[in-house]
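The values are calculated or read from the model by the stated rules, or taken from the named source; none is laboratory data. For clarity, every value in this text was computed on a predicted model and none was experimentally measured. Please note: Cβ atoms are built from the backbone with ideal geometry, for glycine as well, and neighbour counts cover all protein chains shown.
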Amino acid sequence: MLNLYLNLNRYYFDHNATTPVSAGVLEALLPALAEVYGNASSIHHYGQIAKQRLEIARRQVAGLLGCEPRELIFTAGGTEANNLAIFGVLSTGGHVVTTSIEHPAVLRVCEQFDVTMVPVGSNGIVDPDDVRRAIRPDTALISVMHANNEIGTIQPLAEIARIAHEAGILFHADGVQAVGKLPTNVKALDVDLYSISGHKLYAPKGIGALYIKKGTKLKPHLFGGRHERELRPGTENVPGAVALGRAALDAMTANQDGIGQFRDRLERGILDAVPDCTVNGDRRSRLPNTTNISFDGFDGEAMVISLDLKGFAVSSGSACSSGAVEPSHVLSALGLSKDQAKSSIRFSLGQGNTSEQVDSLVGAVAESAAQLRKLSPAYSASY
């Protein structure tokens with residue numbers, strides 16, 4: 001049995017949790033690991049080579065975001081970028097407005113302050129007027145994610161930015177799931193702060209970035225050297241930055257329309273083949289690679305295990321909350337019952353997926369659903 005399990009053809013449909021390092025990124029990363037070992041703060045030859053590569057990478061990532069290189073600092077990932085943005089603004093206090101479906105890297109930081117969490121509709125999209133109504137005289141920051149990691153819904157950032165700036169409030173967006181999947185121009189969105197993470201767009205883990213609009217004042221919450229405009233101390237991860245830079249270049253030419261067609265093919269196939277299932281969240285304003293589906297009659301974790309045994313990697317929710325007893329806070333915020341939320345599966349596609357893989361996954365989902373429902377007395381008794 002173990003040998004059969006290990007010899008399966010394996011297909012990855014969990015790209016919102018993390019992406020594999022792409023061939024192009026690996027091609028840029030390996031020489032940087034081997035050859036660019038100087039400290040970018042050193043003035044000798046090796047240090048200056050590292051500094052040069054760091055700044056080239058900064059320009060590449062800035063090009064993806066549509067900002068100036070000097071408005072970008074490197075971090076260890078999206079969590080650190082979110083933490084720096086929120087703590088950096090609220091270090092002297094003040095009220096923060098966010099939404100009920102944010103990633104824990106935003107929610108748990110905002111909970112350290114005076115926070116208002118704005119609800120979303122059953123479609124997973126926040127009403128900008130609800131954000132406006134949540135503003136108080138002491139509101140210092142509004143933080144709203146660009147796209148949700150579990151259901152893929154896209155928030156109306158430009159409209160919320162306008163509301164924030166009319167009130168003289170800074171606006172931060174968690175762009176970790178959006179960058180590389182959506183065209184992202186921080187100037188057009190008019191955000192003041194924008195977080196990204198390398199391992200969501202085919203770079204390795206351990207590298208991210210924070211866009212800080214020129215003139216935006218932040219206070220550091222880590223202290224040490226004077227790296228990254230004195231906002232992120234510590235010797236820079238130059239190979240990671242090089243990898244993120246290459247990933248940014250590749251993202252500008254990635255075919256997201258093709259991935260969107262595969263997502264739609266997968267979703268239609270599952271809905272046609274499996275009765276009693278429902279797509280969660282808005283089906284129009286969402287990431288092209290993401291669908292989240294609830295299946296009546298069994299727990300989502302059981303489906304994840306069943307599909308894994310068949311060679312398919314999917315997720316029952318955010319990877320950061322896997323193993324949690326409680327259902328996804330995102331799906332609960334949409335109004336799903338506890339059973340509906342716990343029966344949900346996230347399928348997130350990426351550049352390596354093919355139509356053949358999609359069709360095979362549809363068949364595997366249908367087979368697993370039938371098997372699991374046979375084991376569910378409650379489902380069998382009701383149909």
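Any chance the stretch 214-224 includes a residue that's touching a helix residue (DSSP H, G or I) at 6+ places or on another chain (Cβ under 6 Å) and over 19 Å from residue 143 (Cβ atoms)? Yes, because at least one residue in the stretch 214-224 is touching a helix residue (DSSP H, G or I) at 6+ places or on another chain (Cβ under 6 Å) and over 19 Å from residue 143 (Cβ atoms). The residues in the stretch 108-131 that are part of a helix (DSSP H, G or I) and in contact (Cβ under 8 Å) with a residue 12 or more places away in the chain can be counted, and the count is 5. Report yes if residue 192 is more than 30 Å from residue 20 (Cβ to Cβ) and buried (at least 24 other Cβ atoms within 10 Å of the Cβ), otherwise no. Judged against the criteria, residue 192 is a match.
The residues of the stretch 228-269 that are buried (at least 22 other Cβ atoms within 10 Å of the Cβ) and among the β-branched types (Val, Ile, Thr), listed by number, are 238, 242.
When residue 279 is tested against (1) surrounded by fewer than 19 Cβ atoms within 10 Å (Cβ to Cβ); (2) touching a residue at least 60 places away in the same chain (Cβ under 8 Å), just one condition goes unmet, and that condition is (2). Set side by side, the residues 337, 294, 315 differ, and just one is in contact with a Leu (Cβ under 8 Å, 6 or more places away or on another chain) and among the polar types (S, T, N, Q), which is 294.
Contact map, the stretch 214-228: residues that are over 14 Å from residue 73 (Cα atoms) paired with residues that are of a type in the set (Val, Ile, Thr) and surrounded by 12 or more Cβ atoms within 10 Å (Cβ to Cβ), Cβ distance under 9 Å, separation 6+ or inter-chain. Pairs shown: 225/235. Annotation note: Cβ proximity below 7 Å between a residue of the stretch 337-355 that is on the phi < 0 side of the Ramachandran plot and a residue that is in a loop (DSSP other than H, G, I, E, B) and of a type in the set (A, V, I, L, M) (sequence gap 6+ or interchain) occurs for 345/314; 346/314; 347/314; 351/254.
In the condition set (1) surrounded by 14 or more Cβ atoms within 10 Å (Cβ to Cβ); (2) farther than 15 Å from residue 144 by Cβ; (3) of a type in the set (A, V, I, L, M), residue 43 is compliant with all but (1). Cβ-Cβ distances below 6 Å connect the following pairs, each with a first residue in the stretch 254-270 that is assigned by TED's automatic domain parsing to the domain that holds residue 289 and farther than 12 Å from residue 352 by Cα, a second residue that is surrounded by 17 or more Cβ atoms within 10 Å (Cβ to Cβ) and among the aliphatic types (A, V, I, L, M), and a separation of six or more residues or different chains: 263/349; 265/358; 266/358; 269/362; 270/362; 270/365.
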